[in-house]
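Worksheet: the structure to be examined is printed underneath.
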Amino acid sequence: MAKSSSQKSSGCCFFSIKKLSILAIFLAIFSAVYSYYDARLEQFYIFDPEHLHDLSQRAIQAHGEDTRSIVNFIVAELEEKVGPNHLSTQEEWVFNNAGGAMGAMYIIHASITEYLIIFGTAIGTEGHTGRHTADDYFNILSGTQLAYVPGSFEPEVYPPGSVHHLQRGQVKQYKMDSSCFALEYARGWIPPMLFFGYADTLSSTLDFPTLWATSRLTAVEMISNLLKGKI
């Protein structure tokens, strides 16, 4: 016997309520897990912003405007202090397009809660910082970075040796007038930041070889660190 329309409606309604209940349970569990780990993020960090700032300043003092030597100085000390197990063993540079700005980066470390890169450009760039789920510390190694927030009539100026701290959830416009490189350190939830890094490729540049290279390097680092117990 064929089911009446009221029976069909009741069945659909029950199915929808069941799906909503499952979704509600999933969101409740996810929220609880997120809140638990978000309150304990500090225990997962292996880098310290103050040390990275001090290291950047000492590297600049030792090598002046020789950016290549500055980078080598930084990586060498990190290998000694942190150990090579949590650092990239091969220096591989890839382009990075995000928020309308373009530069290149070398990934030193990437995990679920931290990333450390050298980022910069030899010809200048400008763009949107993004609104992120992590604090971002931009230690200027060479050149100058400018930043702007709505309502201000003067730019924030960050010369070599300074650090631009973009707090989690904040957003700014930034600019590098000419050659500028920085040691960039982010601590917080890193995976959600990847969507910001992918958006320009998917909506504008369509540079899929670079997207693949970025994804490969990031995935290798994150998975490698997870297997070593580093979240």
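Quick one: which residue in G124, G99, G143 is within 13 Å of the chain's Cα centre (by Cα), at positive phi and at pLDDT 95 or above? Walk me through it before giving the result.
Numbers: G124 fails: within 13 Å of the chain's Cα centre (by Cα); G143 fails: within 13 Å of the chain's Cα centre (by Cα).
From the options G124, G99, G143, the qualifying one is G99.
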Review point. Is there any pair linking a residue in segment 209-231 that is among the small types (G, A, S) to one that is open to solvent by less than 70 Å² (accessible area, probe 1.4 Å), with Cβ under 6 Å and at least six apart or on different chains, and which?
Key: A213/V94
Exercise for review: Inspect all residues belonging to segment 180-202 and state whether any of them is among the polar types (S, T, N, Q) and in a helix (DSSP H, G or I).
Suggested key: yes
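Which of the residues that make up segment 147-161 are within 26 Å of T67 (Cα to Cα) and part of a loop (DSSP other than H, G, I, E, B)? Can you show your working first?
Going through segment 147-161, the residues within 26 Å of T67 (Cα to Cα) turn out to be 147-148, 155-161.
P155, P159, P160, G161, listed by residue number.
For I108, state whether it is touching a residue at least 24 places away in the same chain (Cβ under 8 Å) and out of contact with any Ser or Thr (no Cβ under 9 Å at 6 or more places or on another chain). Talk me through it step by step, then tell me what you get.
Numbers: touching a residue at least 24 places away in the same chain (Cβ under 8 Å): yes; out of contact with any Ser or Thr (no Cβ under 9 Å at 6 or more places or on another chain): no.
Considered against the rule, which asks whether it is touching a residue at least 24 places away in the same chain (Cβ under 8 Å) and out of contact with any Ser or Thr (no Cβ under 9 Å at 6 or more places or on another chain), I108 comes out as no.
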Point to revise | Which numbered condition K175 fails, given (1) in contact with a Ser or Thr (Cβ under 8 Å, 6 or more places away or on another chain); (2) assigned to a loop (DSSP other than H, G, I, E, B) | key: (2)
Study note, to complete from the structure: Within segment 35-60, the count of residues that are open to solvent by 80 Å² or more (accessible area, probe 1.4 Å) and either among the aromatic types (F, W, Y) or under 10 Å from L141 (Cα atoms) (or both) comes to 2
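Based on this model, can you work out whether G143 counts as within 18 Å of G99 (Cα to Cα) and surrounded by 17 or more Cβ atoms within 10 Å (Cβ to Cβ)?
Working: within 18 Å of G99 (Cα to Cα): no; surrounded by 17 or more Cβ atoms within 10 Å (Cβ to Cβ): yes.
No.
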Check your understanding: Just one of the numbered conditions (1) at negative phi; (2) surrounded by fewer than 19 Cβ atoms within 10 Å (Cβ to Cβ) is not true of A134; which one?
Key -> (2)
Check your understanding: Which residues, counting only those in segment 56-81, are farther than 27 Å from V171 by Cβ and in contact with a strand residue (DSSP E or B) (Cβ under 8 Å, 6 or more places away or on another chain)?
Key -> A59, I60, E65, T67, I70, V71, I74, V75, L78
**Study point:** Residues of segment 74-90 satisfying the condition of being open to solvent by less than 60 Å² (accessible area, probe 1.4 Å) and at negative phi
**Key:** I74, V75, A76, E77, L78, V82, H86, L87, S88
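The values are calculated or read from the model by the stated rules, or taken from the named source; none is laboratory data. Keep in mind that this is a model prediction, so the values were computed, not measured. Note that each Cβ is placed from the backbone with ideal geometry, even for glycine, and that neighbours are counted across all protein chains shown. Each accessible area value is taken on the protein alone, full model and side chains, heavy atoms only, with ligands, DNA and RNA left out. Shrake-Rupley method; radii C 1.70, N 1.55, O 1.52, S 1.80 Å.
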